[in-house]
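The values are calculated or read from the model by the stated rules, or taken from the named source; none is laboratory data. Quantities reported herein were computed from a predicted structural model and do not represent experimental measurements. Methodologically, a virtual Cβ is constructed for each residue, glycine included, from the backbone with ideal geometry; neighbour enumeration extends over all protein chains shown. Keep in mind that these areas ignore ligands, DNA and RNA; they rest on the heavy atoms of the full protein, side chains included. Shrake-Rupley method; radii C 1.70, N 1.55, O 1.52, S 1.80 Å.
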Amino acid sequence: QGWSAQSNQKGEWLQVDLQTPQYVAGVVTQGRADFPQYVTKYKIALGNEVGTLEYVQCGYQGDCIFGGNDNSVDTKRYHTFSPQRARYVRFVIEAWSGHVSMRVAVLLTNEKCCSLCSAGTYKNGTGSAPCEACGEGKYA
């Protein structure tokens, strides 16, 4: 089944505790397995303390609102934000179909991962390297 909110309201949330801070590079979402219920839009908040989570930003547009699922069967994968170190990953619901229900996975990577790099290289504290040097991350 996955997770289903008690009520259908914007702002309901599901939180994943990774136990220790890790580099979060993206998420995978899917609807409820046994009914046509799924989340169509959501925000992601990240942080190391529950009380200080911050939304993933989309430049001048402010908080990113991610397009969710179109049905309860297919998965949606997002690598649209650069890796950020966090222990908590909160999915904050914006819109849904049927009922607020979802299954999720968090994509993790190491700090040098550059799967989001569009210019051909990434930069870290010690210099730069070609994008081919990194893997795409792994499922948590």
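Structure notes:
- Hey, Glu12 over 11 Å from the mean Cα position of the chain (by Cα) and either modelled with pLDDT under 90 or under 20 Å from Gly2 (Cα atoms) (or both) or not: yes
- Hits in segment 1-59 - residues which are assigned to a strand (DSSP E or B), open to solvent by 50 Å² or more (accessible area, probe 1.4 Å) and touching a residue at least 60 places away in the same chain (Cβ under 8 Å): Trp3, Trp13, Gln15, Asp17, Gln19, Thr20, Pro21, Gln22, Tyr23
- Only a single criterion out of (1) surrounded by 17 or more Cβ atoms within 10 Å (Cβ to Cβ); (2) assigned to a strand (DSSP E or B); (3) over 9 Å from the mean Cα position of the chain (by Cα) is not satisfied by Arg85, namely (1).
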